[in-house]
1. Just one of the numbered conditions (1) more than 17 Å from Arg351 (Cβ to Cβ); (2) in contact with a helix residue (DSSP H, G or I) (Cβ under 7 Å, 6 or more places away or on another chain); (3) surrounded by fewer than 21 Cβ atoms within 10 Å (Cβ to Cβ); (4) not hydrophobic (A, V, I, L, M, F, W, C) is not true of Arg448; which one?
2. Would you pick out the residues in segment 80-116 that are at pLDDT below 95 and crowded, with 24+ Cβ neighbours inside 10 Å?
3. Given the condition touching a residue at least 60 places away in the same chain (Cβ under 8 Å), open to solvent by 30 Å² or more (accessible area, probe 1.4 Å) and farther than 28 Å from Val145 by Cβ, answer yes or no: does some residue in segment 416-433 qualify?
4. Confirm whether Ser273 is touching a residue at least 24 places away in the same chain (Cβ under 8 Å), in contact with a Pro (Cβ under 7 Å, 6 or more places away or on another chain) and either β-branched (Val, Ile, Thr) or open to solvent by less than 30 Å² (accessible area, probe 1.4 Å) (or both).
5. Which residues, taken from segment 308-355, are out of contact with any helix residue (DSSP H, G or I) (no Cβ under 7 Å at 6 or more places or on another chain), farther than 30 Å from Ala41 by Cβ and modelled with pLDDT of 95 or more?
6. Evaluate the following for Val280: is it open to solvent by 20 Å² or more (accessible area, probe 1.4 Å), farther than 30 Å from Ala220 by Cα and touching a helix residue (DSSP H, G or I) at 6+ places or on another chain (Cβ under 7 Å)?
7. Based on what the data block shows, is Pro306 open to solvent by less than 40 Å² (accessible area, probe 1.4 Å), over 17 Å from Ala204 (Cα atoms) and in contact with a His (Cβ under 8 Å, 6 or more places away or on another chain)?
Amino acid sequence: MILLDRHDALDLAAYRRVVLEHEPVAVAPEALRRVDERRAAMLRAVDAGMPAYGVTTGLGYLSTRTIPEADRVALQRSILLGRAVAVGAPLPSEVVRGVMLLRLTGFLSGAAGVGSELCAFIADRLNDGWTPAVPERPHGTAGEVSQLAHLFQTFVGEGFVLEHGEPIPAADALAARGVSPYEPGLKEGLALVNGAPFAAALTAPLVWHAGALLEHATLAAALAVAVVAASSRPFSPRIGRLKGDPGQLRMHERLAELLGPDALADRPQAPVSYRVAPQVHGAVAAVLEEAERQLERELRAVTDSPLFLPAADGEPEGFYPSGNFHSQAVAFAVDALAIAYTQLANLAEKRLHRLLDARFSGLSEQLAVEPGRHTGVSVLHKAVAALCAENRLLAAPASVTALDTSAGQEDFQAFVPLAAQKLGRLLDNVELVLAYELVALAQASRLRGGTLPASLERVASALREAVPYVVEDRPLAPDVERVLGLVRSGALL
């Protein structure tokens with residue numbers, strides 16, 4: 001059980017336990033009391049005539065229009081329904097669960113002005129496996145209004161949720177649970193579609209995937225050095241310490257550990273792609289670590305607008321418009337990961353091309369048993385070249401786009417959903433690049449013969465079990481699929 005007692009206490013470990021492992025959550029009574037205190041203060045201000053965006057006024061370009069008091073509660077439900085315009089396949093459950101969790105923790109600050117009943121409703125839906133069907137695209141609003149409308153309209157019995165992978169009407173799913181549709185009070189509909197929880201929820205699984213890929217890429221780099229009998233001297237930790245880059249040094253140490261002391265022999269200089277793994281992988285690690293740090297900050301952020309803040313620091317109590325819904329830092333981090341992992345795949349492509357060339361590898365041409373009569377595994381590289389070409393397109397940043405919407409009122413976007421969608425496809429490509437390289441390394445290890453360092457021999461043995469010796473030309477796609485499964489399962493690590 002994860003106890004939520006404040007808005008800024010969530011970390012990535014607890015987040016993962018809730019969204020992936022479905023660990024139940026509970027909200028501390030003291031936190032709910034604070035939420036209700038701040039809501040009561042907000043309602044007093046509204047009753048006293050204080051204007052409130054999306055409560056006493058319209059939204060966006062129509063924020064100058066006053067909403068009659070009799071229509072203000074109905075407006076909150078309308079806000080949830082009129083902005084759900086996306087289509088396509090539903091987002092994964094870990095993403096939508098992450099959004100619900102982050103809306104809940106953000107609300108515990110009290111600044112959103114929602115009531116404890118809404119917080120309890122969200123916690124209950126997290127605990128009973130509520131999985132709204134949120135279409136993956138397109139999303140072009142200044143914040144995350146469209147995605148959030150698709151998700152939280154299900155609370156009022158509209159839209160669809162996924163049960164055993166199948167969409168069913170949200171009203172039916174609520175009824176099956178014996179739960180009445182939620183009736184949002186003043187500002188609660190606005191609060192549900194405001195903020196930026198999708199930015200973190202979309203990014204977290206990508207960061208986890210990226211971390212595993214970097215480990216596999218480092219393993220592949222070490223195995224490539226071993227099978228071509230290159231020297232490990234470029235990976236000496238002493239060189240890493242001379243550079244003074246912590247991420248690079250860790251890669252020197254990891255590669256030296258994998259290759260062992262016997263590879264330190266002074267041998268002819270290998271191609272650059274075989275020598276700069278610490279520099280490239282270390283730089284990728286730095287980009288990944290910065291994304292993780294930003295993600296940790298986002299888990300604790302309050303991103304609503306407007307915020308109802310108490311009097312403090314010489315400023316009065318009241319509604320404060322906020323730009324925290326604009327996830328620029330996350331967009332930059334996701335785009336930076338796309339660039340970094342494009343280069344990670346480029347390095348693997350070069351290693352593979354050199355591995356197929358007898359002048360560099362010392363093995364047979366194209367790793368064929370009988371070069372000329374047999375193709376060997378050279379076609380693997382052609383597939384990798386295509387993936388790398390696609391990655392260069394996917395690495396174009398989404399975060400540099402800004403377009404006018406809402407009659408000019410919403411004239412700047414971060415486009416995190418687009419950046420995340422591109423990065424997801426790019427990381428899948430990188431995973432496939434590594435699978436192709438590892439198939440070739442399985443063949444190369446057979447042709448090389450001899451014994452590899454113990455940590456690499458275990459990996460090579462697992463690869464050889466998945467990839468039969470290519471003696472005669474045969475379709476290699478099934479081999480790639482098997483190795484891809486090993487990568488996805490983490491078995492090689």
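1. (1)
2. Leu80
3. Within segment 416-433, none of the residues are touching a residue at least 60 places away in the same chain (Cβ under 8 Å), open to solvent by 30 Å² or more (accessible area, probe 1.4 Å) and farther than 28 Å from Val145 by Cβ.
4. For Ser273, the condition - touching a residue at least 24 places away in the same chain (Cβ under 8 Å), in contact with a Pro (Cβ under 7 Å, 6 or more places away or on another chain) and either β-branched (Val, Ile, Thr) or open to solvent by less than 30 Å² (accessible area, probe 1.4 Å) (or both) - is not met.
5. Phe332, Ile339
6. no
7. Considered against the rule, which asks whether it is open to solvent by less than 40 Å² (accessible area, probe 1.4 Å), over 17 Å from Ala204 (Cα atoms) and in contact with a His (Cβ under 8 Å, 6 or more places away or on another chain), Pro306 comes out as no.
Okay, residues lined up against (1) assigned to a helix (DSSP H, G or I); (2) of a type in the set (Asp, Glu); (3) in contact with an Asp or Glu (Cβ under 7 Å, 6 or more places away or on another chain); (4) within 26 Å of Glu317 (Cβ to Cβ):
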position: Gly98; (1), (2), (3), (4): yes, no, no, no
position: Gly113; (1), (2), (3), (4): no, no, no, yes
position: His139; (1), (2), (3), (4): no, no, no, no
position: Leu151; (1), (2), (3), (4): yes, no, no, no
position: Thr154; (1), (2), (3), (4): yes, no, no, no
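The values are calculated or read from the model by the stated rules, or taken from the named source; none is laboratory data. Source: prediction; values computed, not measured. We place every Cβ from the backbone using ideal geometry, glycine too, and count neighbours over all the protein chains shown. Calculation scope for accessible area: heavy atoms of the full protein, side chains included, ligands and nucleic acids excluded. Shrake-Rupley method; radii C 1.70, N 1.55, O 1.52, S 1.80 Å.
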